[in-house]
Amino acid sequence: MKNISEVLIHFDYTQTRRSKQYLTSFFNRKNHSLEQALEVQDTLKLFLENISIIQNYKINDQTVSSVHKFLDETESRHYTHLTSLTYREFYKEINFNISLFIEFFYRLGLLLRNLNLKNFNAEYAGEIGKTIQFINSLSVNEHYGKELNFKQRKSILIKIESEKESGNFTSFWDFFYRFDMYSAIAKGIRKFDLVFPHFNSENTFTINGFYHLNLADSVKNSVNITGNNTVIFTGANMSGKSTAMKSISIVVLLAHLGLAVPATYCNIPFYDSIFLFFSVNDDLEKGYSYFAREIINLKEVLLELKSKNCFAVFDEIFKGTNINDAAQITIRTVEGLSRYKNSMFILSTHLNLIEKDLAENENILVLNLESFVKDEQLLFTYRLKEGWSKIEIGRILFDKYGLNALLRN
């Protein structure tokens, strides 16, 4: 799924531009590990436990940028009594930024001290504890709400320089933007009432009540796959194949990132690599046709399968070549992929002519999105059913839109 923004948008409650960059990088991670995913889960559970406190914390991006810039540019040697007389505006600006600095760190420290850190991810709780200690060392609690004299302001500037030299502000900003990123994700999880997934080593792939986050009244479906590693989606256009495949893909992707998922229950294997091929495009700059791009995508997966367990989705595989070509190489591809028992592959196709060639393969599960004709109307239930779809929608729509009559005339 190249356009990750359609998933990310549901968790983008970040309050600063830099935090959003952190969120985008987080969602675009290519490598996944079970240990990392479980660690993120624990961290997000900490945020969800404290969601009411976190939702009340508001920070302006301009304020953060101003504080960040002030810390980067601070030089205490330029702050003198002489400066207050000869460069009054500069002197007033520094005083204002010192007040902004105190306000920013005091409010953040207050937030962090109010968090319930008991029984949660020890590593991230430790990071919060270290940040609280760092903020306390800046003496903002003692100075907050008070009128400071020259000597006190000068001492703050000297302290800032010392912490800069130690690299402590660099570490702090990394913590702050990640904190805002996790806060944003937790807000999305709470808004959509998502559930945290489980992982198993038995190659059981169960997702109950999954749905697409973009659809307010989405029909919920379930899959419970045991003993199969290749799922083929069939069915008419508009029946919901791509939406169902995307919904499953989003669940798997979010789970591997450590997030809660849009489902009522999820228990799946953990895969080393995830490939989501929706809306494949040609590449004019590199001279690749649509079909060549499909071939390159499949090769990328096959090379990864030599050493890793993969989850791969191919929407309307090999539609970039003629039907005979596509049928032969689809059969070969499905048979080849089905041998990788510890991986999971999901494909969609309109090639009903390959049904007999794949009928004996026990590793394949065929699903379709139910559709039927009633009173000359084409109806879709968007419900998953087992087996090949037999409905031929092309001729029905051809006649429904009056094309037969127009062509006769």
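The values are calculated or read from the model by the stated rules, or taken from the named source; none is laboratory data. These numbers were taken from a predicted model, which means no experiment stands behind them. As a convention, Cβ positions derive from the backbone with ideal geometry for all residues, glycine included, and neighbour counts pool all protein chains shown. To get the accessible areas, we keep the full protein, side chains included, count just its heavy atoms, and leave off ligands, DNA and RNA. Shrake-Rupley method; radii C 1.70, N 1.55, O 1.52, S 1.80 Å.
Reducing the stretch 59-125 and the stretch 347-409 to their Cα centroids gives an inter-centroid distance of 63 Å. Among beta bridges from DSSP that stay inside the chain, the antiparallel ones total about 45%. Between the listed residues Q328, F372, N342, the Cα displaced farthest toward the positive end of the dipole of the stretch 320-409, a dipole computed from Cβ unit charges relative to the Cα centre, is found at F372.
Label-to-label distance for L100 and H68 is 1.3 nm, based on points extended 7 Å past Cα in the beta-carbon direction. Over all distinct Cα-Cα pairs of the chain, the Kirkwood formula returns a hydrodynamic radius of 25.0 Å.
Can you list the lysines whose alpha carbon is less than 21 Å from that of K58, not counting same-chain residues fewer than 8 positions off? In chain and number order, the partners are K20, K45, K69, K187, K191. Of L259, L46, L351, the residue with the greatest mean-square motion in the GNM of the chain, using alpha carbon springs below 10 Å, is L351. Ordering I158, Q62, T131 by Cα displacement along the dipole of the stretch 3-192 toward the positive end leaves Q62 in first place; charges were set at the Cβ atoms of Lys, Arg (+1) and Asp, Glu (-1).
Kirkwood hydrodynamic radius computed over the stretch 3-192 comes to 18.2 Å, based on all pairs of distinct alpha carbons.
For the stretch 174-322, the per residue solvent-accessible surface stands at 39 Å², with DNA, RNA and ligands left out and a 1.4 Å probe.
Taking T264, T16, T74 in turn, the Gaussian network model of the chain (Cα-Cα springs below 10 Å) assigns the largest fluctuation to T74.
Given +1 at the Cβ of Lys and Arg, -1 at the Cβ of Asp and Glu and no other charges, the dipole of the stretch 11-169 around its Cα centre is 300 debye to the nearest 20. Based on alpha-carbon atoms, the Kirkwood radius and the radius of gyration of the stretch 198-407 give Rg/Rh equal to 0.97.
Within the straight-line cut-off of under 27 Å between alpha carbons, the lysines reachable from K400 are K241, K319, K374, K385, K390, sequence neighbours fewer than 8 places apart in one chain being disregarded. Helices that extend 30 Å or more along their long axis by alpha-carbon positions and average at least -1.0 on the Kyte-Doolittle scale are, among the DSSP H runs of the chain, 88-114, 168-192.
Under a model in which nothing but the beta-carbon of Lys, Arg (+1) and Asp, Glu (-1) is charged, the chain shows a dipole of about 820 debye around its Cα centre.
Ignoring ligands, DNA and RNA, please state the percent of accessible area on the stretch 3-192 from carbon and sulfur, probe 1.4 Å. It is 49 percent, rounded to a whole number.
In the chain, the DSSP-assigned H stretches of four residues or longer account for a calculated mean residue ellipticity at 222 nm of -16000 deg cm²/dmol, using -39500 (n - 2.57) per stretch and the full residue count as denominator. In the chain, taking the dipole from charged Cβ atoms about the Cα centre, the farthest positive-side position among L44, Y401, C310 is held by L44. Straight-line cross-link reach from K299 at under 19 Å between alpha-carbon atoms covers these aspartates and glutamates, not counting any fewer than eight positions away in the same chain: D272, D282, D283, D315, E316, D325, E335.
Phi-derived couplings, Karplus 6.51 cos²θ - 1.76 cosθ + 1.60 at θ = phi - 60°, listed residue by residue for the stretch 401-407: 8, x, 5, 4, 5, 5, 5 Hz, with x used for Gly and Pro. In this Cβ point-charge picture (+1 for Lys and Arg, -1 for Asp and Glu), the stretch 95-155 has a dipole of about 180 debye about its Cα centre. Applying 0.36 nm per residue to the separation of K220 and S162 and subtracting their alpha-carbon distance, the gain on full extension is 15.2 nm.
Once both labels are positioned 7 Å from their Cα atoms along Cα-to-Cβ, the gap between L378 and N352 label points is 1.3 nm.
Ranked from largest, the principal axis spans of the Cα set of the stretch 1-86 equal 59, 32, 25 Å.
Nearest 0.05, what FRET efficiency do K58 and I323 give at R0 = 51 Å with Cβ-Cβ as r? Each step should come with its number before you reach the end.
Numbers: r = 58 Å, r/R0 = 1.13.
Calculated value: 0.35.
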